[in-house]
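Heads up: the structure comes next, in structure tokens.
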Amino acid sequence: MFTTSTLILALYLIAFALLHSLLAGTWAKRRARRAFGPEGMRWYRLIFTLVAAATLLPLLRLFYLFPGEVLYSVPAPWRWGMVALQAAAAFGLAKTLLEAGPLRFLGIRPEAGEGQLIVRGIYCRTRNPLFLFALIFLWLTPVMTTNLLVLYIIATVYFYLGSVHEERMMAEEFGAAYLDYRDRVPKFIPRLRCEYPETRVEAEGSEDEPGPGSRSRKR
């Protein structure tokens, strides 16, 4: 059932995750700051985004060449229900990116929302909406193959570990304000009502930015 192509895909996914984590971590950013200075670090997120996109393209090519053995295919009408929920998750992703500021999120406008923790919209219902909606979209795929299953398992583990890493950096930057937010807002499962007031807090002076994959300075 699992072939050599599955192993190649798994190894590439793990390498992609390790590279992404390394570039998002404080170790790499501190060295980049020393090499390029504060002004150069304004573009770190954009460079990170470009590297992530470039390393993602070979993965898409591999999935095109080696789709894998079909494990199941959900028939209609259940298939259309899953597709509808995927569309809802995609809408949730788009709304979250708009609330985070898409240009700042991608690093195109690095100065937007710099140094501030802003809690609003979906972020007052769940702390990790991007990971939540992405996982819903992935796991509701109506046709599952061996290679997709490997991708989804690794992505799920990576998203969870990424959320832990991101929240640790947010706590370092915003201190007690973020710890209070973390204690009052669920990690993944969203609340129906927003019970956390909109918050706008200046960073406590940490010289490291949160990971480029996070909503970081604007919520």
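What follows draws every value from the coordinates through simple rules; no lab data is involved. Remember, predicted model here, so these are calculated numbers, not experimental data. Positions of Cβ are backbone-derived with ideal geometry, glycine not excepted, and every protein chain shown enters the neighbour counts.
Taken one residue at a time, the phi angles of the range 179-191 give Karplus couplings (6.51, -1.76, 1.60, θ = phi - 60°) of 4, 5, 4, 4, 6, 9, 10, x, 5, 10, 5, x, 7 Hz. Gly and Pro are set to x. Couplings 3J(HN,Hα) for the range 90-96, derived from phi with the Karplus relation 6.51 cos²θ - 1.76 cosθ + 1.60 (θ = phi - 60°), are 4, 5, x, 4, 5, 5, 5 Hz, where x marks Gly and Pro.
For the range 1-74, a/c is not less than 1.5, where a ≥ b ≥ c are the root eigenvalues of the C-alpha gyration tensor, and a/b tops b/c. That puts it in the prolate class. Averaging Cα coordinates gives a centre for the range 145-170 and one for the range 1-37; these two points are 12 Å apart. Once you order the gyration tensor axes a ≥ b ≥ c over the Cα atoms, which shape class does the range 37-81 get: rounded for a/c under 1.5, otherwise prolate or oblate by comparing a/b with b/c? Judged from the Cα gyration tensor, the range 37-81 comes out oblate (a/c at least 1.5, b/c at or above a/b). Once the C-beta distance of Ala84 and Tyr152 is scaled by a Förster radius of 25 Å, the resulting FRET efficiency is 0.80 to the nearest 0.05. The simple Förster model, with R0 at 25 Å and r as the Cβ-Cβ distance, assigns Trp139 and Thr3 a FRET efficiency of 0.65. Packing, as the average of other Cβ atoms within 10 Å across residues, places the peptides 167-176, 75-84, 24-33, 127-136 in the order 127-136, 167-176, 24-33, 75-84, highest first. Residues in the range 148-153 carry Karplus couplings, in order, of 5, 4, 4, 4, 5, 5 Hz; the curve used is 6.51 cos²θ - 1.76 cosθ + 1.60 with θ = phi - 60°, and Gly or Pro positions show x. For the range 1-88, the residue among Ile14, Leu60, Tyr44 whose Cα projects farthest onto the positive side of the dipole built from Cβ charges is Tyr44.
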